[in-house]
Amino acid sequence: MPSLPLWSQLINLLAALLLLLAFAMLTQRRVLSLIRLFAAQGFVLALSTLVVAYTTNQPDLYMSVAVTFGLKVLALPWFLHWLIRKLNVQWDIETVINIPVQMLVGIVLVIFAFNLAAPISEIAGTITKSTLGIAIASILLSFLMMIARRKAVSQVIGFLAMENGLFFAATSATYGMPLVVELGILFDVLVGTLVFGVFFFQIRETFESLDIHHLEKLKDR
Amino acid sequence: MKQASGIIFQVLQSVLVVLIAPLVLGWVNQCRAWLQNRSGPGVWQPYRVLNKLFHKDAVLAHDASLLFRSTPYILFGCMWLAVGIVPVLATSLPFAPAADVIALVGLFALARVFVSLAGMDIGTSFGTLGARREMMIGFLAEPAMLMTLFTASLISHSTSLPTIVDTLGHGELVIYPSMAFAAVAFVMVLLAENARIPIDNPSTHLELTMIHEAMILEYSARHLALVEWATSLKLTAYITIGFAIFVPWGIAQAGDWEGLLIAFAVLLVKLALAGAGLALLETVSAKMRIFRAPEFLGTAFMLATLGMLIHFLLEA
Amino acid sequence: MEILLLLGAPFAGGIVLAVWGHRRFAPELNSGMSLLTFLAACVLTARIIADGPILAWNRAFFVDPFNVFLVALTAFVAFTTSLFSRPYMRIEAHTGRLSPNRLRLYHSMFQLFTFTMLLALLTNNVGILWVAMEAATLTTVLLVSLYRTPASLEAAWKYFILCSVGIAQALFGTILLYFAAEKVLGSGGTALLWTDLNQVKGQLEPTVMSLAFVFLLVGYGTKVGLAPLHNWLPDAHAEGPTPISAVLSGLLLNVALYAVVRAKVLVEGALGNNFAGNLMMGFGLLSVVIAAFLLSRQRDIKRLFAYSSIEHMGLMTFAFGMGGALATFAGLLHMTVHSLTKSAIFFAVGHAAQKSGTQVMADIRGLIESNPTIGWGLMLGSLAILGMPPFGVFASEFMLLTAAMHQEPWATPFLLAALGVAFAAIFGKVQPMVFGKASVERLPHPPALIPVFVHLAIVLLLGLYMPPYLAEWYRQAAALIG
């Protein structure tokens, strides 16, 4: 079996790291570790986009790399850090599903995602086509993390991780969307996180806690 | 001629590794001491301990059976065999065909069974406690270990360790992401099986927190010496299996004397780095509660399975 | 030209009101900007009717009969809502439920929300459409939680999380769409332009397109409020301030459905079979049935009408899913009349709730006796939304049922049953509220009910007599959808 060129292997390695980080997020209980993992994920994402930009000679992507790095590795983690210090949220002790079960479900999701991506990977023309399955898998894992957590901050980090996965899917299937769209998406993510932040303060003010339990009372009265 | 040099290599490897094993353990402990800002007992301490123990008189309980008395020898024999067949210094040794990864896992399992039975033999509660815990760890760690080894086997299309070494070490340089996952899983299993932090503290004296130590509380003198030696041999075996799969460069071919010297030097360097790395891992982690151990090993299993899946996705 | 004004006015309004939104003249300023937007929309509409579809700004914006009527509708309802919100918010401020700072947030977000909706409607770039939809969610989240009660915070949280997750699915669908388009159109900005995609839709890869449509339908469908993804809708529409409920129900759901229909046009061209239509019909029918049967359980008046919105959006989705000239015409007409009627109802409901100080239906009684305009507004609005002739909703529902009987006869009993159940539920609850002995007092400011009756009058007009240019307009739009 002829081996792939070095760049392909590097991207495969980074993709595997991304998936590893998504899994690691499932198992973490400390919110601080979650933020660090999210920053690491952003870094891996920026790095892989950089490799793609270099090998395919697309100067647009360099801009995307810079913005991704600035936003997801620096700005957002810093903001989340500030937020959890202000809100005094440190741990997410109880999860809705316990961690070993989460990991088993995670494996099933990964297999499902790989199956889902197989027909599309056949058609793709990029050097990164085999990583589409990993992108879908990390999206699904972040989704699992969102469902399985009790603290609002963990859910938001899960959501941001899902956006990371989507970004990676865009890069692996298509070499990245047009710059204006990518910038728009990143802007949305930034504004969304800020709105989340404002929101957390409002929740904390009213409920004295960021446990999602308090937010499950509305029913068809 | 090939045969003769092969046999010489084999004997050399077995003897060398057996002699170095306590040094590895001593090095790890010394690194731990340095990291914890202590002066430490020195890297030769395990040899002194072995020396002391061999000169003592063995004290056995009244009800100790033949099993209890023979387990240290069986344990030592298993571990010696394991390091004998793992391609530590060279591949294509006469015993190499026996170096199937599944056989190795079986060998470790055999050792585990005997030491657990010996722990329960006297009938003390700590012995039984340790035996049960050891079995739980083993039951969870074995699948993870097998998955890790399977990932490596899938890449080299064989479960024989020397073949794996040849494919990965002497083939062209390829980055395998699945191996990255498998490597992390392997390290986790190594920590669990060799009773290191975060699963078990090897230097604890609190019996209720022991796993491995609790089983061998009743041993003394030469029996204890053999058990301790076997423990260090097990650690060395695991580390060298890790080298063979993940960092196979530098291992010589049988019959190549210069290669042997280089292999020996490379091995020492690798062992030193691995020992320091292990000490670092132990220092920065805290021991987990026993009920968290399944989570830890579950994560290892998950990572190993992921590695295998990634192999199918990215490298098939 | 007009597009610049259309987008610039609300955007500028948002920024200006962010600074001055708490002043006494802020509601008037709000209405003024909305009026400006509406006038620009009228001019643009006249141009499209005269000249046909246009591409503007280096093909970044595309206006054809389908979205121009939605643009006009959006601008109109936004304008009337801003008129309604003047006295409504004054009363809220008077009773102390809202502070000046919150009013500032409200006014500026109202304008920005209009901006994002118009951007979503006018853009030619499918990616920018996504960005605008997400931005629309973001601008309204803080508005739903404006009252800072536990219930409103919960509603806003659910809204945020569920809609964001849904929108993320839509993003994945957009990525897949781009992926399919890139193969035919090449990379670079043109592969996301709807006009170009429409031209090459026959060459787009079918498997990828069907997968893309599933994600787009699930994603944007969450924002439309299709069951089973509708969980956020009753809470968000019920807990926010009434003007926001009106624009969410009346406008945002329409824009989300517009996105789905645009996607459907592309996918149908790529696949050639009815896959997209069938999915839409399935989801639509499910929404209609579920919403209709949940209506009778409601005790909060705004939640009742929120479920009614789910039901009607389900009807529209079903209509667009069926396809064909009659069904599409019915769908477009229904979009218009539903917007107008639902917002009129919410206006009346808002004032009714203000008068009685509660949203629980059992506690509101005798509205006609205490304030005839509110009472009759609510009564007529409810009759309109339930599809009584001669209101416009009857016409569109009738057309829809006729089309269904021709094309999908198996669905007709479900639709009829659901409509009947909904009628019984809503009428049964509205009637005691409107008639009966009064239990409410006067309001400190005179309520704004002109918008209610203007909307209802338009709906009545559309039911009785469809102006020919309007009919032609709908027909052109329907032809574009296929």
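The values are calculated or read from the model by the stated rules, or taken from the named source; none is laboratory data. Note that the coordinates shown come from a computational prediction; the quantities given were computed from them, not determined experimentally. Glycine also receives a Cβ, built like all others from the backbone with ideal geometry; neighbour counts cover every protein chain displayed. Quick note on the areas: whole protein, heavy atoms, side chains included, nothing else; ligands and nucleic acids left out. Shrake-Rupley method; radii C 1.70, N 1.55, O 1.52, S 1.80 Å.
Miscellaneous remarks
- Subset tally (residues that are of a type in the set (D, E) and either in contact with a His (Cβ under 9 Å, 6 or more places away or on another chain) or open to solvent by 10 Å² or more (accessible area, probe 1.4 Å) (or both)) for region C:48-84: 1
- Checklist (1) within 30 Å of B:A109 (Cβ to Cβ); (2) free of Cβ contacts under 8 Å to residues at least 12 places away in the same chain applied to B:I241, failing item: (2)
- Considering residues of region A:165-176 that are open to solvent by less than 10 Å² (accessible area, probe 1.4 Å) and at the interface with chain C (Cβ under 7 Å from one of its Cβ atoms) only, the residue modelled with the highest pLDDT: A:L166
- Within region C:284-315, considering residues that are closer than 26 Å to C:V265 by Cα and polar (S, T, N, Q), the one surrounded by the fewest Cβ atoms within 10 Å (Cβ to Cβ): C:S309
- The criterion of being within 14 Å of chain A (Cβ to nearest Cβ), touching a residue at least 60 places away in the same chain (Cβ under 8 Å), hydroxyl-bearing (S, T, Y) and surrounded by 22 or more Cβ atoms within 10 Å (Cβ to Cβ) holds for B:T305.
- Check on B:A293, open to solvent by less than 40 Å² (accessible area, probe 1.4 Å) and of a type in the set (A, V, I, L, M): yes
- Subset of region C:229-244 [more than 10 Å from every other protein chain (Cβ to nearest Cβ), out of contact with any Leu (no Cβ under 8 Å at 6 or more places or on another chain), closer than 12 Å to C:Y307 by Cα and open to solvent by less than 10 Å² (accessible area, probe 1.4 Å)]: C:L233
- Selection count, region C:174-189, where residues are surrounded by fewer than 24 Cβ atoms within 10 Å (Cβ to Cβ) and either in a helix (DSSP H, G or I) or at the interface with chain A (Cβ under 7 Å from one of its Cβ atoms) (or both): 7
- Qualifying residue in region B:205-219 (condition: of a type in the set (S, T, Y), within 14 Å of chain A (Cβ to nearest Cβ) and open to solvent by less than 30 Å² (accessible area, probe 1.4 Å)): no
- Positions within region A:147-164 being of a type in the set (A, V, I, L, M) and either facing another protein chain (nearest Cβ under 7 Å) or open to solvent by less than 10 Å² (accessible area, probe 1.4 Å) (or both), in sequence order: A:A148, A:A152, A:V153, A:V156, A:I157, A:L160, A:A161, A:M162
- The lone criterion from (1) at the interface with another protein chain (Cβ under 7 Å from one of its Cβ atoms); (2) more than 28 Å from C:P206 (Cα to Cα) left unmet by C:K158 is number (1).
- Residues located in region A:116-146, provided they are farther than 18 Å from C:G173 by Cβ, more than 9 Å from every other protein chain (Cβ to nearest Cβ) and at pLDDT 85 or above: A:L141, A:L144, A:M145
- Top-ranked residue of region C:190-204 - restricted to ones that are buried (at least 19 other Cβ atoms within 10 Å of the Cβ) and out of contact with any strand residue (DSSP E or B) (no Cβ under 8 Å at 6 or more places or on another chain), ranked as nearest to the other protein chains (Cβ to nearest Cβ): C:A191
- For the residues C:F346, C:F318, C:F391, the requirement of being open to solvent by 10 Å² or more (accessible area, probe 1.4 Å) and under 30 Å from C:G282 (Cβ atoms) singles out C:F391.
- Looking only at region B:84-131, and only at residues there that are in a helix (DSSP H, G or I) and at pLDDT below 85, the one that is surrounded by the fewest Cβ atoms within 10 Å (Cβ to Cβ): B:P97
- Residue within region A:47-69 that is outside any loop (DSSP other than H, G, I, E, B), within 29 Å of A:G106 (Cα to Cα), small (G, A, S) and open to solvent by 20 Å² or more (accessible area, probe 1.4 Å) present: no
- The residues of region A:186-201 that are open to solvent by less than 10 Å² (accessible area, probe 1.4 Å) and either facing another protein chain (nearest Cβ under 7 Å) or free of Cβ contacts under 8 Å to residues at least 60 places away in the same chain (or both), listed by number, are A:D188, A:G192, A:F196, A:F199.
- Sole residue being of a type in the set (G, A, S), open to solvent by less than 40 Å² (accessible area, probe 1.4 Å) and either modelled with pLDDT of 85 or more or over 17 Å from B:A185 (Cβ atoms) (or both), chosen from B:A316, B:A263, B:A286: B:A263
- Residues of region C:205-228 that are within 11 Å of chain A (Cβ to nearest Cβ) and charged (D, E, K, R): C:E205 alone.
- For C:F329, the conditions (1) aromatic (F, W, Y); (2) surrounded by fewer than 24 Cβ atoms within 10 Å (Cβ to Cβ); (3) within 14 Å of another protein chain (Cβ to nearest Cβ) all hold with the exception of (3).
- Failed item, numbered, when B:L50 is tested on (1) loosely packed, with under 15 Cβ neighbours inside 10 Å; (2) among the hydrophobic types (A, V, I, L, M, F, W, C); (3) in contact (Cβ under 8 Å) with a residue 60 or more places away in the chain: (1)
For every residue, the table says whether it meets (1) surrounded by fewer than 23 Cβ atoms within 10 Å (Cβ to Cβ); (2) of a type outside the set (G, A, S); (3) in contact with an Asp or Glu (Cβ under 7 Å, 6 or more places away or on another chain).
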{"position": "B:S153", "(1), (2), (3)": "yes, no, no"}
{"position": "B:S156", "(1), (2), (3)": "yes, no, no"}
{"position": "B:L168", "(1), (2), (3)": "yes, yes, no"}
{"position": "B:F181", "(1), (2), (3)": "no, yes, no"}
{"position": "B:A185", "(1), (2), (3)": "no, no, no"}
{"position": "B:A192", "(1), (2), (3)": "no, no, no"}
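- Among the residues making up region C:129-151, those that are modelled with pLDDT under 85 and facing chain A (nearest Cβ under 9 Å) are C:L142, C:S145, C:R148, C:T149, C:P150, C:A151.
- Qualifying residue in region C:246-257 (condition: within 14 Å of chain A (Cβ to nearest Cβ), within 13 Å of the chain's Cα centre (by Cα) and outside any loop (DSSP other than H, G, I, E, B)): no
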